[in-house]
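Colleague: Handing you a structure now.
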Amino acid sequence: MKGIILSGGSGSRLHPITKATSKQLIPVYDKPMIYYTISTFIEGGIKDILIITNKEYLPIYKKILKNGHDFGVKISYEIQQKPNGIAEAFLIGKNFIKKDEVCLILGDNIFYGQDIKFIFKNSYQNLNNNIASIVGKEVSNFNMYGVAHLDKRNKLLKIIEKPKKKYSKIAITGLYFYPNDVVHKALSLKPSKRNELEITDLNNIYIKEKRMDLYVLKKESAWFDMGTHESLLEASMYIAAIEKRQNQKIGCLEEIALANQFIGIKKFNQLVKMLPNCSYKDYLINIIKK
Ligand code: DAU
């Protein structure tokens with residue numbers, strides 16, 4: 001399966017932070033935001049990754065992540081000219097996806113918890129049956145997201161984007177899995193009132209065809225969408241607290257690549273040697289010792 005990280009957008013809601021750089025490069029506690037999405041892909045077993053970003057920031061992404069080989073993945077890059085909508089990712093990524101299935105993650109979403117590996121396993125199984133998958137999470141501020149409209153038996157009827165009425169408490173997160181026909185379906189989408197190709201319109205096509213599975217994240221798993229200054233701070237504080245309490249980093253690419261055998265111990269040692277003296281390096285040295 002191919003993986004796409006959508007890292008464009010105008011970042012207007014995070015202004016003036018995003019005057020300085022791309023939203024998905026700003027720090028979330030001790031790492032750039034993009035580290036967390038790449039680590040989710042590594043945990044899910046995805047090796048072939050496309051990052052879609054703005055022309056302006058492309059050189060910075062390339063400088064930080066290069067071709068991905070340091071972390072045992074292959075990273076390619078494409079440009080989104082302007083924020084024409086999340087579903088445009090499949091049109092921009094058409095030549096990258098080729099005949100494969102594809103997982104899309106929004107660059108400002110962070111996932112943490114035991115569920116992550118299961119979500120990928122479950123989605124691979126669904127894809128074997130030509131079924132797409134989305135991931136939900138119970139939230140209180142439902143009107144900021146795409147929300148699941150469920151029937152009495154919790155069957156997914158439709159997704160409503162930023163509803164005024166409370167259809168359910170289940171927000172649809174920015175992690176999506178599709179069969180190869182997603183490219184064809186994205187081509188058929190028409191721009192919405194806000195002039196975007198909407199991911200929700202695409203998902204509703206799969207729901208109508210009875211080819212969509214919704215997995216709801218467990219209560220103990222965390223999901224952050226860093227759309228506002230508050231949610232960015234919340235995510236940073238959550239990560240700081242977990243890292244401190246469990247002495248375990250979240251989104252540490254070197255560690256996750258080693259643990260998932262994307263790289264071997266020799267490569268890991270090389271990467272550690274190249275780091276400047278800092279607490280991140282000390283943490284990695286401790287892993288070698290362990
Ligand atoms: O985070 C989950 C939510 O993401 C879902 O619940 C919604 O259904 C979905 O529409 C989306 O809502 P947002 O309002 O959060 O989308 P936003 O426009 O903020 O874009 C999400 C990310 O994708 C953000 O990091 C910027 C990037 N993006 C967005 C657009 C529209 C792009 O790179 N290009 C784009 O054209």
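Colleague: Heads up, I need the accessible area for TYR112: 1.4 angstrom probe, whole protein in place, Å², nearest 10.
Modeller: 60
Colleague: In vacuo Debye scattering of the stretch 185-227, one point per C-alpha: log10 I(q)/I(0) at q = 0.15, 0.17, 0.27 Å⁻¹?
Modeller: -0.57, -0.69, -0.94
Colleague: Also, I was wondering about something else. Please give the helix 265-274 orientation as an angle from the longest Cα principal axis of the chain, in degrees from 0 to 90, rounded to the nearest 10.
Modeller: Result, in degrees: 70.
Colleague: Within the stretch 183-277, count lysine pairs with alpha carbon atoms under 20 angstrom apart where the residues are 8 or more positions apart or belong to different chains.
Modeller: Lysine pairs satisfying the spacing and distance rule in the stretch 183-277 number 6.
Colleague: Right, here's the next one. Hey, what angle do you get for helix 115-128 against the long axis of the chain, alpha-carbon based, 0 to 90 degrees rounded to 10?
Modeller: For helix 115-128, the angle is close to 50 degrees.
Colleague: Which of the peptides 25-37, 198-210 is most tightly packed, and how do the rest follow, going by the mean number of other Cβ atoms within 10 Å of each residue?
Modeller: The packing order, highest mean first, is 25-37, 198-210.
Colleague: Related question: From the alpha carbon gyration tensor of the stretch 220-276, can you work out the equivalent ellipsoid semi-axes (sqrt of 5 times each eigenvalue) and give them in Å, largest to smallest?
Modeller: 28, 12, 12
Colleague: Express in % the proportion of alpha carbon pairs of the chain at distances exceeding 24 Å.
Modeller: 50
Colleague: How far, in degrees from 0 to 90, does helix 229-246 lean away from the longest principal axis of the Cα atoms of the chain, to the nearest 10?
Modeller: 50
The values are calculated or read from the model by the stated rules, or taken from the named source; none is laboratory data. What you see is a predicted model, and the numbers here were worked out from it, not measured in a lab. When we count neighbours, we look across all protein chains shown, and the Cβ atoms used for this are built from the backbone with ideal geometry, even at glycine. Heavy atoms of the whole protein, side chains included, go into the accessibility calculation; ligands, DNA and RNA do not. Shrake-Rupley method; radii C 1.70, N 1.55, O 1.52, S 1.80 Å.
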